[in-house]
1. Is at least one residue of the range B:158-177 more than 8 Å from every other protein chain (Cβ to nearest Cβ), part of a loop (DSSP other than H, G, I, E, B), more than 30 Å from residue B:122 (Cβ to Cβ) and of a type in the set (Phe, Trp, Tyr)?
2. So residue B:191 fits all but one of (1) more than 30 Å from residue A:141 (Cβ to Cβ); (2) surrounded by fewer than 19 Cβ atoms within 10 Å (Cβ to Cβ); what number is the exception?
3. What residue, among those in the range C:333-348 that are modelled with pLDDT of 90 or more and in contact with a Ser or Thr (Cβ under 9 Å, 6 or more places away or on another chain), is farthest from residue C:91 (Cα to Cα)?
4. Under 6 Å by Cβ, and 6 or more places apart or on different chains, what pairs join a residue from the range C:136-155 that is under 20 Å from residue B:81 (Cα atoms) and within 10 Å of another protein chain (Cβ to nearest Cβ) with one that is polar (S, T, N, Q) and in a loop (DSSP other than H, G, I, E, B)?
5. Do you know which residues across the range A:1-26 are modelled with pLDDT of 75 or more and outside any helix (DSSP H, G or I)?
6. Counting only residues that are of a type in the set (Phe, Trp, Tyr) and at the interface with chain C (Cβ under 7 Å from one of its Cβ atoms), how many does the range B:34-81 have?
7. Could you tell me whether residue C:534 is crowded, with 22+ Cβ neighbours inside 10 Å and either closer than 23 Å to residue B:32 by Cα or modelled with pLDDT of 90 or more (or both)?
8. Taking the range A:50-76 as the region of interest, how many residues are of a type in the set (Ser, Thr, Tyr), in contact with a helix residue (DSSP H, G or I) (Cβ under 7 Å, 6 or more places away or on another chain) and either modelled with pLDDT under 85 or surrounded by fewer than 16 Cβ atoms within 10 Å (Cβ to Cβ) (or both)?
Amino acid sequence: MSNAQLKGAGLWADAWRSLRRNRAAMVALYLMMTVVVLVLAAPLLSPFSIDSTDWDQISIAPSLSTQHYFGTDDVGRDLFIRTLYGGRISLMVGLVATLVSLIIGIAWGATAGYVGGRTDQFMMRIVDVLYAMPFMFFVILLMVFFGRNIFMIFIAVGAINWLDMARIVRGQTLSLKKKEFVEAARAGGVSSFNIVRRHIVPNLLGIVVVYVTLTIPQVILVESFLSFLGLGVQEPMTSWGALVNDGAQAMESAPWALIFPAVFLALTLFCFNFVGDGLRDALDPRDRQERS
Amino acid sequence: MLTFAFKRLLTAIPTLLVLLALAFALIRVAPGGPFDAEKELPPEIEARLNEAYHLDEPLYQQFGRYLGGLLQGDFGPSFQYKDYTVTELISAGFPVSLKLGGLAMLLALLVGLSMGTWAALHQNSRTDHAVMALAMTGISIPVFVMAPLLILFFAVQLRWLPAGGLGDGGWANLVLPVVSLALPQIAVVARLTRGSMIEVLRSDFIRTARAQGLPQREIILGHALKPALLPIVSYLGPATAGIITGSVVIEQIFGVPGLGRYFVQGALNRDYTLVMGVVVFYGVLIILFNFIVDLAYRWLDPRVKL
Amino acid sequence: MSKAKICWRFLLILSAALGVACSDNDSVHAVRDYGQIGGPNGSTLAADQTLHKDNGAEPQTLDPHRATGVPEGNILRDLFEPLVMEAPSGELIPGAAESWAVSDDGLLYTFQMRSDGRWSTGDPVTANDFVYSMRRALDPATLSTYASILYPIKNAEQVNRGELPPDALGVRAPNKQTLEIELEAPTPYFLGLLNHSMAYAVHQPSIEEHGEHFVRAGKLVGNGAYVLNDWVMQSHVELVRNARYREDAHTTINKVVYYAIENADTVFKRYRADEIDFTQSVPTRQLEWIRQSMPDEYIQAPYLGIYYFGFNTTRPPFKGQPGLRRALSLAIDREIITDKLTAAGELPAYGWVPPVQGYEPQQPEWADWSREERHAEARRLYKEAGYDADNPLVVEILYNTSEGHKRLSIAIASMWKQVLGAETRLMNQEWKVFLQTRAAKIKTQAFRSGWIGDYNDAYTFAQLMHSANAQNDSGWVNAEYDALLDAAAVENDPLIRAKFMQDAEQILLAEAPIMPVYFYVSKHLVKPWVGGFVPNIMDHVYSKDLYILQH
């Protein structure tokens, strides 16, 4: 087992201990897990499907007796099941888009940082150029012109966020490169690719985990922003953003259509942020300044 | 310092060109054209319109024509708002957006910095958690929910503030849009400040200052604040971008005549020149702002050489 | 201003308002049973006669000959006076022309101009102004996109296509007070067309002086009740009273502010905050709540338009399948849609042409059947077309992105599923993409559509399904239908003409390339202190007919 991996394991155990001491983060973590379980178990919890309409139950208030625990929407569909299914989409968009940005960002940043020299300069120049793009505008244009394909959202949002990741990873790689275990591996004749894969990338994990927990809520918000502009997922599928936007249009006549999805959305974002902050503190308190 | 500035400005040129080309390509491959409407046009009329707006030329020629116009500060005629040029529209909309965005940024910094510092000074206490939870709500509730709620409460129920529009440009009309725009940024700034402030407060030189018995106020304002500002300054770039995108929503909800609304309207109506104009304008703005932020960063952080 | 003077002004304004009330059309103000308080009689007018009107989107231009949309039309109606204008109830009354005569063959219209018609500069409005303006409207150099509405005028189409010079247009001014318009074919609805901004007169000297900028505030010269005072893009357009307007003495509102707000929810909030007196839209989702909390302020009226879904008849599954198309049309429950979904008082539509003047509304025979009978027939036709539970129809509904269309499409998909077991995919596209997809007739199967009539006559609807019409997005071709329509287009006798179109509609309904859903209503929120508003089928409102009560 290599030096780096040993070091990694110790770091994680420490981090977990320190995270457990952070009450807010732990509560957030449990809440988050509850939401995830609820969202996954959705079909078991309600007799309704997401697209079954009931003309006699249009916009009715929540009630246990009708089994519409969160009420119904303006075409008589059950909001409980829609909120949970919406959560699936929102979480999935958050996760997948974050992964996309992660993969591009790590590859780009680690390469630039490890190779260094002119390659590094050139690669980071490209990041600088892209950084100045009003990307949200491009996303809007894409969604407007080419329809609301859920993969489009993943790619578009992922493509914006990888720039941050690339910068962070490059910085970390630069400092790791000078560490003894990397120098030792290089002296031992290990190839560059293997050094990056075996030593650099695992050591980036901490920062990556923090980044992921903090990026997912951002992406979920971006998706809701697109929903507001009418560019969200296709009916009958839905997302928290789409539900909240729908609900906001009838906030006085049918408050339940806003409140339930909004609570789920806000709670999830809240939890991700708390857990992310907690993880950051737990993993490396000194990290903070370099990253931000 | 000068070389740095010069270098940065040089890199701005390719950035701008990429931006222009990307935006131009994107909007031109989009299905639908500026003259498509429910009622279809006779082909002769459509041909004449295309000719009048030079849409009959090959794309590269149109792009060249556009660049040529830009160099002379001419953004071209608006397709949608037939009585105005894009230059006129931008120069009318930008001051409004600037006022809105600038005030929102200022508010975010003021409130965010104070909240973050306060929380840092009372680290892990109840007030710390309360302040941070409050800040966190700012990023957890989408602005398109927050803004209508604010309107409902302050304009419709209490009638303290107008529900929308710019009125005579007075302060009352700005309060709600500025607050809605600032809320998510307040949260981020507060979080960043708290983090870096805690770090700085732990550092040796603050401990020394404390040991010397300097008053708290002076320690914070005189010693801790400047180094603690670093991460906030580098966040200003993304914050500008955030405020600009936020303004697209806010301007719609409040009916404020800024640039953000032109962007969405322009895109929906395939007003090629208007969309290009807004993208280019915002692109330049973001480049310029990142440049200023870099300068500020260098001024604040003695470790970075000019 | 002293108190006495204020009272004196009140009296003046009051008498002015009463003057309007007793003018040529008494029914105008009598029709006020919309639950609003009082009328001009016995009620006091507000000191501040400013009307704040929501106007939907930002006007794209104020050049009457380039304007196409509703927001532009609303403002232009206050700025210009056409030859023939409308009373508040919508009926045609003399405008810039004080009278007119039509030749027996219906081909020549002779208008007698008013002697007191004035531009806002003080210049007299003459027949020559209209000759100049109509030539300008059809001149290809003007780049008008709505010129086809004037094609009934002789040579108009050739002029607009650039095949004839503008002065070949069949519009002449034998003298300053007489205007002659020659038509291509008898057009019973021609007077109604003159209401459209394309037929407005523009002021030649100011266009020659300012060029494209003639529409700017301070430069725009009109002959209407108001002049353009200020125009702040994306915010508002402000009009003030035109003191030179021929009937200025009868105008009450001094200032009209049109606000450009796209978001119906924002409009509603500003309405509730008393920042807006009159809205163009009502947020559908809040309708129920509005009915309960402000029942007197919600005003709806039939509107000249039909909401429908079309079937692409050029591709499977709808190609050569009138039975299947009829089955889908039979399966939807229009009453549920209008009662529970749109719920604004829309009329369920079984026929194609909304209630218009001089036309007998048509319906398919099954319109009067019970729900069970309809569903049974729908299932029979569905089966006949070769579909059943094991082999369900899989169909896609295309609609343009909007809250309302989304709800309707969801509802229809669900009805098809419940009654027939058909599987429906929903697909929404942004407006311009949608228009292109729909017009291409390649990917579309079922699509949402709507049509607002350009004029109050059945022909504006009937012509839409003619095979030569570019907007016939269903791609439906029927020689008999086309022949009946072509015959109606040149027929001078109104009864025979209507008969042609009614027969055509029966063919259309039997073949069902379209599935009518409901006839539109116009919806407004009107503050109790706004008087003089009478809803009409064209939804045309003139600010000069309104007044503000004290509140």
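1. Yes, that holds for at least one residue.
2. (2)
3. Ranking the qualifying residues of the range C:333-348, first place goes to C:348.
4. Correct list of pairs: C:145/C:68; C:146/C:68.
5. A:22
6. Qualifying residue count, the range B:34-81: 2.
7. no
8. 1
The values are calculated or read from the model by the stated rules, or taken from the named source; none is laboratory data. Just so it is clear, the structure is predicted and the values come from calculations on it, not from any experiment. For neighbour counting, all protein chains shown are included, and Cβ atoms are generated from backbone atoms with ideal geometry for every residue, glycine included.
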